[in-house]
Amino acid sequence: MKVIFMGTPKFAVPILDKIRSAHDVVLVVTQPDKIVGREKIIKYSPVKEVTLKNNIEVFQPEKIKEDYQRIIDVNPDLIVTCA
């Protein structure tokens, strides 16, 4: 089953891992990276960190209501949201 996973926070990571173990997660949608502190260091979301380690495509739209074509193009069987 082709799955798109949508989530950002740390509590979404175990859910993503469980889904990945049983299905083909083809795309992960998460919030854009944040710039943190005076040094302006880019901070990835916990979900993005897991996604990058597992070579899954990441989609980080600024406004999902306006930029959702990539999700449609994937043509998933299922979209899971965990937020």
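The values are calculated or read from the model by the stated rules, or taken from the named source; none is laboratory data. Since the structure is predicted, the reported quantities are computational estimates derived from the model, not experimental observations. Quick reminder, even Gly has a Cβ in these numbers, built from the backbone with ideal geometry, and neighbours come from all protein chains shown. Ligands, DNA and RNA are stripped out before the accessible areas are found, and what is left, the full protein with its side chains, is counted by its heavy atoms. Shrake-Rupley method; radii C 1.70, N 1.55, O 1.52, S 1.80 Å.
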> closer than 13 Å to residue 25 by Cβ and assigned to a strand (DSSP E or B) - does that describe any residue in region 42-52?
Replying inline: no
>> Just to verify a result, which residue in region 67-81, among those that are farther than 15 Å from residue 3 by Cβ and in a loop (DSSP other than H, G, I, E, B), is least open to solvent (accessible area, probe 1.4 Å)?
In response: 67
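What's the total number of residues in region 2-38 that are without any contact (Cβ under 8 Å) to a residue 12 or more places away in the chain, within 14 Å of residue 82 (Cα to Cα) and small (Gly, Ala, Ser)? Can you show your working first?
Going through region 2-38, the residues without any contact (Cβ under 8 Å) to a residue 12 or more places away in the chain turn out to be 14, 18, 21-22, 34-38.
Then drop every residue that is not within 14 Å of residue 82 (Cα to Cα), which leaves 14, 18.
From what is left, the residues that are small (Gly, Ala, Ser) are none.
Total meeting the criteria: 0.
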> Across region 1-41, what is the total count of residues that are surrounded by 12 or more Cβ atoms within 10 Å (Cβ to Cβ), aliphatic (A, V, I, L, M), out of contact with any helix residue (DSSP H, G or I) (no Cβ under 8 Å at 6 or more places or on another chain) and in a strand (DSSP E or B)?
Replying inline: 1
> Which numbered condition trips up residue 54, out of (1) of a type outside the set (Phe, Trp, Tyr); (2) out of contact with any Lys or Arg (no Cβ under 9 Å at 6 or more places or on another chain); (3) closer than 22 Å to residue 23 by Cβ?
Replying inline: (2)
> Is there any pair with a first residue in region 46-66 that is open to solvent by less than 40 Å² (accessible area, probe 1.4 Å) and a second that is part of a strand (DSSP E or B) and of a type in the set (Phe, Trp, Tyr) whose Cβ atoms are under 9 Å apart and which are 6 or more apart or on different chains, and what are they?
Replying inline: 47/5; 51/5; 56/5
